[in-house]
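Asks: Attaching a single structure in structure tokens format; questions to follow.
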Amino acid sequence: MTTLGLRRWAWIHKWSSLVCTLFMLLLCVTGLPLIFHHEIGHLLGTEVEAPEMAADTPIASMDDVLAAAHARHPELMVRFVSRDADETALWFVNLAEKADSEDSKSVAVDARTAEVLAEPKFDEGFMYIMFKLHVDLFAGLPGKLFLGLMGMLLVIAIISGVVLYAPFMRKLDFGTVRRKRSNRLKWLDLHNLLGIVTLVWALAVGATGVINTWADLVIKYWQYDQMAQMIAPYKGMAPPEKFGSLEKAVQAATKLESDMSLGFIAFPGSLFSSPHHYAVFMRGNEPLTARLFKPVLVDAVTGEVTDSRDLPWYVTALLVSQPLHFGDYGGMPLQILWAVLDILTIVVLWSGLVLWWRRRKQDVVVTLREAEPESEAIPAMAKESA
Amino acid sequence: MKGQRSLWQIFMWPTVLGLMTLIGLLSALVADGMWDGLSWLMLLVPVAIGVARGWFVRT
């Protein structure tokens, strides 16, 4: 690498890292508990759990589930009914004043008895603070997009870091950490070693994190693009005042997509549906397809299926990028590896900050010369050139 | 070892570990069971090398 090239890449690495480092440290620290949010919820007792029942216990009608939840908050509109992929005995009914209200209530209903089990609060407590700091800094969509921008800088910092790895390692074996020479060399070697071993993971988690910050926009575009086509026949019609049976709608959807499972249902007038439909989102049964949804639109009055189509590529990309960011797709061992990689990344960020602070006015060419194994020669050289 | 290393020598181990990470990230996504196990093994290697060389192995 030429001296000019080295200086340019060092400039890119320095500034892309400096701007995003503090936010990345925040994201790594808040992301750590989020990796284990289910387990922590379990420990704190905030996780709702369905009582044990025989596997062949008949399940309740969706109309009864809905009625039980709505009776808790008759003044609110039901927006969504959803369940976790791995817990089919529990429905979460989301209610709010309006389709786009920030505040909402969540009622957990037993899928077999249609009894209300709890009203979990998702908008308070330690995990909620971690979540909001991680996702949008309590600043809504602008906060998300800002963090997305920081994520893009991280990707630039990683790539420029790989380029700089070569000149700094040209006289060292892979994995060398010089502990005895000086504190600074130890930090530099650690930064290079941990940066390069976490490289692909950090790129994957960084890039998928950036994609996730666009989720709201992607959904908006999907509504404009696909939903508008699906509900075109209803254009100009007044929304129905009374809705028909939810159970009938769910049965119509599951009959159409009999090899899929029910994921969630969006209610007429809510964010993921039209004023005229129950939008029943079906999911696959394989690890990957369970992340993907197929919307089945059911007329909310007649209970007939009116349209169904696969998700477009951009929603598929968003949904596939989520597990790669969360690390929630390979059991507890994967979660633990995710946590260790996260901590190693914190060390990379911190050591980078320390290295910059101590040599912030120094030319990278001198920094590189100092870092090379033969640097004992430097004082003499410096004297000669003086 | 003295002297300059070629780009290939510098990036050989990073490439191997990067490919292992990639296999680790993708295999658990594709299927469960054995594929999860492969994922854990593949991701464990770069993590273990980072921790071992970073804090435990004297060089």
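Asks: Give the residues of region A:274-312 that are at pLDDT 90 or above and either in a helix (DSSP H, G or I) or among the aromatic types (Phe, Trp, Tyr) (or both), sorted by residue number.
Replies: Once the filter is applied, which keeps residues that are at pLDDT 90 or above and either in a helix (DSSP H, G or I) or among the aromatic types (Phe, Trp, Tyr) (or both), region A:274-312 yields A:278, A:281, A:293.
Asks: Do you know which residues across region A:316-331 are in a helix (DSSP H, G or I), facing chain B (nearest Cβ under 7 Å) and in contact with a Ser or Thr (Cβ under 7 Å, 6 or more places away or on another chain)?
Replies: Residue satisfying the conditions is A:324 alone.
Asks: Which ones in region A:18-53 are among the aliphatic types (A, V, I, L, M) and touching a strand residue (DSSP E or B) at 6+ places or on another chain (Cβ under 8 Å)?
Replies: Passing the criteria: A:48, A:50, A:53.
Asks: I'm trying to understand the selection: among the residues of region A:200-209, which are surrounded by 21 or more Cβ atoms within 10 Å (Cβ to Cβ), aliphatic (A, V, I, L, M) and in contact (Cβ under 8 Å) with a residue 12 or more places away in the chain?
Replies: Scanning region A:200-209 gives A:202, A:205.
Asks: What pairs come up if the first residue lies in region A:184-199 and is at the interface with chain B (Cβ under 7 Å from one of its Cβ atoms) and more than 14 Å from residue A:343 (Cβ to Cβ), the second is surrounded by fewer than 24 Cβ atoms within 10 Å (Cβ to Cβ) and among the hydroxyl-bearing types (Ser, Thr, Tyr), and their beta carbons are under 7 Å apart, counting only those six or more places apart or on different chains?
Replies: Taking only residues 6 or more apart or on different chains, the pairs are A:196/A:165.
Asks: Please work out which residue is nearest to the other protein chains (Cβ to nearest Cβ), limiting yourself to region B:6-42 and to residues that are polar (S, T, N, Q) and under 14 Å from residue A:329 (Cβ atoms).
Replies: Per the criteria, the residue is B:39.
Asks: Is one or more of the residues making up region A:42-53 at pLDDT 90 or above, of a type outside the set (A, V, I, L, M, F, W, C), buried (at least 16 other Cβ atoms within 10 Å of the Cβ) and under 26 Å from the mean Cα position of the chain (by Cα)?
Replies: no
Asks: Which ones in region A:217-270 are in contact (Cβ under 8 Å) with a residue 40 or more places away in the chain, of a type in the set (A, V, I, L, M, F, W, C) and farther than 20 Å from residue A:310 by Cα?
Replies: A:243, A:246, listed by residue number.
Asks: Also, I was wondering about something else. With the condition being out of contact with any strand residue (DSSP E or B) (no Cβ under 8 Å at 6 or more places or on another chain) and under 30 Å from residue B:13 (Cα atoms), I'd like the helices (runs of 4 or more DSSP H) fully within region A:168-269 carrying at least 3 qualifying residues. Don't jump to the end; show me each part of the working.
Replies: Values: elements: A:183-197, A:199-213, A:215-222, A:246-256.
By residue number, A:183-197, A:199-213.
Asks: Are there any pairs, at least 6 apart or on different chains, whose C-beta atoms fall under 7 Å, with the first in region B:43-55 and at the interface with chain A (Cβ under 7 Å from one of its Cβ atoms) and the second surrounded by fewer than 20 Cβ atoms within 10 Å (Cβ to Cβ), and if so, which?
Replies: Between residues of region B:43-55 that are at the interface with chain A (Cβ under 7 Å from one of its Cβ atoms) and residues that are surrounded by fewer than 20 Cβ atoms within 10 Å (Cβ to Cβ), the close pairs are B:46/B:20; B:47/A:340; B:49/A:175; B:53/A:175.
Asks: While we're here: Determine whether region A:139-160 contains at least one residue that is within 14 Å of another protein chain (Cβ to nearest Cβ) and at pLDDT 95 or above.
Replies: Looking only at region A:139-160, we keep the residues that are within 14 Å of another protein chain (Cβ to nearest Cβ), and these are A:158-159.
Then keep just the ones that are at pLDDT 95 or above; that gives A:158-159.
Yes; the residues of region A:139-160 include at least one that is within 14 Å of another protein chain (Cβ to nearest Cβ) and at pLDDT 95 or above.
Asks: Would you mind stating whether residue A:104 is out of contact with any Asp or Glu (no Cβ under 9 Å at 6 or more places or on another chain) and not β-branched (Val, Ile, Thr)?
Replies: No; evaluated as a whole, the condition is false for this residue.
Asks: Just one of the numbered conditions (1) crowded, with 16+ Cβ neighbours inside 10 Å; (2) closer than 30 Å to residue A:340 by Cα is not true of residue A:85; which one?
Replies: (1)
The values are calculated or read from the model by the stated rules, or taken from the named source; none is laboratory data. Being a predicted model, the structure only gives us computed values, none of them experimental. All Cβ positions, even for glycine, are placed from backbone atoms using ideal geometry, and neighbour counts span all protein chains on display.
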